[in-house]
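Shown next, in structure tokens, is the structure this report addresses.
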Amino acid sequence: MPPAVHAAARALLSDPLTNKGTAFTEGERDRLNLHGPLPPHVGTLDSQIARRRRVLDGMADDFHRYAFLRELQDSNEVLFHALVHADLPRMLPLVYTPTVGAGCERFSEIWRKPRGLFLSYPNRERIDDILSDPALDRVKVIVVSDGERILGLGDQGAGGMGIPIGKLALYTACAGIHPAEVLPILLDVGTDNAGLRDDPLYVGWRNPRVRGQDYADFVERFVAAVAARWPNVLLQWEDFAGHNAHDLLGRYRDRLLSFNDDIQGTAATAVGTLLSAIARTGASLADQRIVLFGAGAAGSGVAELLVRALRAEGLDEAAARARIWAVDRDGLILSDTAKLTPSQARLAHDPAGVTGWARDADGAIGLAETVAAVKPTVLIGASGQPGTFTEAVIRTMAAGCARPVVFPLSNPVSRAEAHPADLLAWTGGRAIVGTGSPFGVAGVTQVNNVYIFPGVGLGAIAAGARTVTDGMFMAAARALGAMGGAGETLLPPIAQLRAVALRIAVVVAAAAVAEGVATVAADELTADRIATLMWTAAYA
Ligand code: NAI
């Protein structure tokens, strides 16, 4: 047999998009010259799933399961996605949060095969060349990070690539975006994590982070190259540090079909879950008094979407903003508070309205003082400060309302503002609780962005949207809130995430049409039509 025939067979087996492993049929083995490299047994997708499950069952811990699944993804994508799809509740925590955190921290240690693109600062002149690879012709969705604020784990440099890889696995699992159509990208502009720079195994660029104008120029070069290569691509900004997250979203959301999941995805997830919670209490959103603890990327995004939802209930802008009190590191945000970010300034209350309020030892109106004065019905934490929802704060809140809604959203588990079991104990079980991380406490909802971003992405692509508007996120939040959950939980079970993504996609596409940013007609955007766009893992 000529060498080229052997080489073609090897290429087929080593490309994760074409490899079927033992599931190549006898006919395929004859035709493609695969006898020899494969053992004689001819398997099926189901038997391959069973084999991988047995391996996972025998492994010592979730980190090793994560590493095993990453290798499987790099050797056979259909099998990887079929395995994930077959048991989403078990697989999601392995391919994404919480295990992906360790996957990022130990990224260099488990580095095996290339996946996605590393665009490093020293290679900035080559970005167009790198993107021109014909293997990337089908790309429809990009998730990009610069690795600076990975979950609550800070700067992970090139190891932050674990996040785009994980999020895109969820795009495929939940929204059915084909694996050949997704592209994880890590912008490697260095790292300020000295431990990583000193680690001899570190695979990233060993340099302090490039900042300022040089950073802005680099991202600009990246965006221009992406827009030229894939004019209709959907790009998700992921785990950028707060200052860059807002800047990049503001600069590029109208130039590139893009959104920031930490700001907008979190907002829609939190607001959707809140709408579901409020439906349980029988009150309206306009009746709520909302205290937000931590007004960074996530917190300010939640606040702005809440303002939008309140305005939709008939409140004017000022009345809507008056329903929300934001507390950050220097206490209640007031218009005379020093060093407010632009997004915090929009949440500031008039100091004249709080003259009689109690103050803490530092003279600030802290969380305890704010809760005592506001008597909130809703308390949302996005501060990354563990234990800050104290028993005293929660008991004060619970004294003022029958069903306090408390969402300690900070991740990972070690960063949560309170343990959900404590929140239930301190309120005699009256609290309606949602957490960012999974705690395994019965009746507590996990407020995870995976409920929103796959559907938003699918809906935007289906509609051929030119931009992702706030109205599309509002529609997604409302649809999520209306789905409800089983028993005490506020959202549908993880096993139903594919149906959730489709429902969200339908309303997001409709919102794109209604807001005039769609290029596809409304009658092309029915649930049946959008469902046909969703790939299911199976061998062709
Ligand atoms: P960020 O750094 O932009 O914001 C954190 C904010 O908390 C800042 O404004 C900071 O000044 C404030 N803060 C710090 N110490 C404080 C204190 N002692 N008292 C009051 N405020 C304080 O970070 P980002 O992206 O907003 O994330 C915040 C947290 O929310 C993280 O733990 C993250 O994991 C979590 N998060 C959860 C999500 C979810 O559950 N679906 C999604 C996105 C973020």
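What to note about this one:
- The chain: angle of helix 391-400 to the longest principal axis, Cα-based, in degrees nearest 10: 70
- Point-charge dipole on Cβ atoms (K/R +1, D/E -1) for region 97-155, about Cα centre, debye to 20: 280
- Extension gain from ALA345 to ALA540, taking 0.36 nm per residue of separation minus the Cα-Cα distance: 64.8 nm
- Rounded to the nearest 10 degrees, the angle from helix 297-312 to the longest Cα principal axis of the chain is 70 degrees.
- Note on region 269-438: dipole from Cβ charges, positive end direction compared against ALA398, THR370, PRO438; the farthest Cα belongs to PRO438.
- For a straight C-alpha distance cut-off of 13 angstrom, the aspartates and glutamates reachable from LYS113 (same-chain residues fewer than eight places away being disregarded) are ASP15, GLU71, ASP74.
- Compactness of the chain was expressed as the Cα radius of gyration divided by 2.2 N^0.38 Å, which yields 1.00.
- Annotation: the antiparallel percentage among DSSP beta bridges lying fully within the chain is about 5.
- Dipole check for the chain: with +1 at the C-beta of Lys and Arg, -1 at the C-beta of Asp and Glu, and the Cα centre as origin, the magnitude is about 780 Debye.
- Expected 222 nm ellipticity per residue - DSSP helices of 4 or more, -39500 (n - 2.57), all of the chain, to 500: -13000 deg cm²/dmol
- Positive-end residue of TYR252, TRP426, PRO37, charge dipole of the chain with Cβ unit charges: PRO37
- Net charge contributed by nearby residues that have their C-beta within less than 14 Å of VAL95 (K/R +1, D/E -1): +1
- Global geometry of region 3-86, whether rounded, prolate or oblate, following the gyration tensor of its Cα atoms and the 1.5 cut on a/c: prolate
- Projected label distance in nm at ALA50 and ALA286, using a 7 Å step from Cα toward the beta-carbon: 6.0
- Angle in degrees between helix 470-483 and the longest Cα principal axis of the chain, rounded to the nearest 10: 90
- Charges were assigned to the Cβ only: +1 to each Lys and Arg, -1 to each Asp and Glu. The resulting dipole of region 269-438 about its Cα centre is roughly 380 debye.
- Prolate/oblate/rounded call for region 93-256, Cα gyration tensor, a/c under 1.5 rounded: rounded
- Tensor-based shape of region 181-310 (alpha-carbon gyration tensor, a/c under 1.5 rounded, otherwise prolate or oblate): prolate
- Under-5 Å amide H pairs with VAL143, H placed in peptide plane, nonlocal only: LEU183, ILE185, GLN236
- Furthest towards positive pole of dipole, ALA463, VAL500, PHE473, structure part region 451-529, Cβ charges: VAL500
- Take the Cβ atoms of ALA402 and ALA495, set R0 to 35 Å, and the FRET efficiency comes out at 0.65.
- Total formal charge among the other residues, if their Cβ is under 15 angstrom from that of GLY250, Lys/Arg +1 and Asp/Glu -1: -2
- Here the gap between ALA514 and SER132, fully extended at 0.36 nm per residue and compared with their Cα-Cα distance, gives a gain of 134.0 nm.
- Segment HIS35-ASN207, extension gain: residue separation times 0.36 nm, minus the distance between their alpha carbons: 57.1 nm
- Burial ordering of VAL456, VAL444, fewest other beta-carbon atoms within 10 Å first: VAL444, VAL456
No lab work stands behind these numbers, since they all come straight from the coordinates. Just so you know, these numbers come straight off a predicted model, no measurement behind them. Cβ coordinates were reconstructed from backbone atoms using ideal geometry, including for glycine residues, and neighbour counts include every protein chain displayed.
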